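No lab work stands behind these numbers, since they all come straight from the coordinates. Quick caveat, the model's predicted, so the values are computed rather than measured. Note that each Cβ is placed from the backbone with ideal geometry, even for glycine, and that neighbours are counted across all protein chains shown.
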């Protein structure tokens with residue numbers, strides 16, 4: 001059984017350039033219209049650190065539009081997840097530019113105390129935006145997908161009530177940041193874990209539902225649509241050593257291509273899902289949650305998103321959120337509704 005989970009990294013560019021209206025609010029409105037048309041919902045991974053700092057410094061009046069849109073997502077059944085780029089927490093704005101603290105780039109390398117401070121501030125901001133003092137997101141995605149070394153950050157986040165991570169993309173490798181998700185290639189469509197995100201642990205308090213990827217030859221990565229985003233593969237502006245490390249990330253026979261509904265063509269999207277459909281026909285008893293990723297700042301072709309949702313409906317594939325499917329991710333003996341979801345969550349998600 002296949003269910004598709006659309007996840008949206010709701011954020012501006014990592015260096016703070018661009019406007020909230022152009023890169024966050026307007027794309028959010030277009031996606032709201034498309035998903036409502038198909039009676040479907042997505043998971044909005046709200047990058048709270050940058051919004052908190054933008055509001056604090058008063059650098060963009062559209063922050064009020066963004067906050068109202070987050071409230072609208074929540075009211076209308078779109079899931080609000082936590083997304084963190086921790087380099088924003090010590091950011092300062094001077095002479096029209098943002099200066100970020102790259103010493104805090106990877107949440108997982110910080111001390112337990114600092115991680116707890118960042119998580120507490122992030123949850124507090126979300127609670128204020130939503131006017132819900134008890135709001136706790138079910139799901140989390142790390143900034144730049146960095147959820148290694150896992151143990152301390154996972155422990156802090158779990159203590160706060162977060163239960164699902166969707167940072168892993170199988171086969172992922174970043175030499176500069178110590179990310180290595182190649183060990184997850186043999187894992188299933190989801191797994192429980194505790195101290196290391198790519199190592200299944202049936203007794204772990206977390207569930208990993210990775211971003212769906214397909215291993216492809218590197219030469220298939222720079223399609224015309226992806227290159228239109230000005231993608232330099234993270235090399236521009238880096239030191240020679242970091243540039244070489246980034247090149248090493250790609251020096252492989254096969255590279256993980258994410259199921260990205262903002263950067264991929266319709267043919268790429270449907271071809272990737274067609275392969276899962278063929279697997280499912282061979283063994284329909286396996287639950288296959290397929291996580292697609294997108295970024296508000298990348299939404300240049302909303303027609304492709306609309307057409308992809310049409311394809312999913314034509315193939316009788318449900319579009320769900322993590323809240324919808326959470327009980328089915330648990331071991332059989334633990335399959336009870338999450339108390340905070342209760343009546344708002346229907347078994348099976350938004351069926352097409």
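Using mean Cβ contacts within 10 Å as the protection proxy, how do 129-135, 54-60, 24-30 order, highest first?
Working: 129-135: 13.3, 54-60: 15.4, 24-30: 20.0.
Answer by packing, highest mean first, reads 24-30, 54-60, 129-135.
I need 97, 4 ordered by Cβ neighbour count within 10 Å, fewest first.
The most exposed by this proxy come first: 97, 4.
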- request: Assign one of three labels to the stretch 124-165, namely rounded, prolate or oblate, based on the Cα gyration tensor with a ≥ b ≥ c the square roots of its eigenvalues; rounded applies when a/c is under 1.5, prolate when it is not and a/b is larger than b/c, and oblate otherwise.
  value: prolate
task: Label the stretch 55-158 by shape, choosing from rounded, prolate and oblate, from the square roots a ≥ b ≥ c of the eigenvalues of the Cα gyration tensor; if a/c is under 1.5 it is rounded, and otherwise prolate applies when a/b is larger than b/c, oblate when it is not.
output: oblate
- prompt: What is the Cα centroid distance between the stretch 120-161 and the stretch 16-64, reported in whole angstrom?
  reply: 18
- line: For 113-125, 35-47, ranked highest to lowest by mean beta-carbon neighbours within 10 Å, the order is 35-47, 113-125
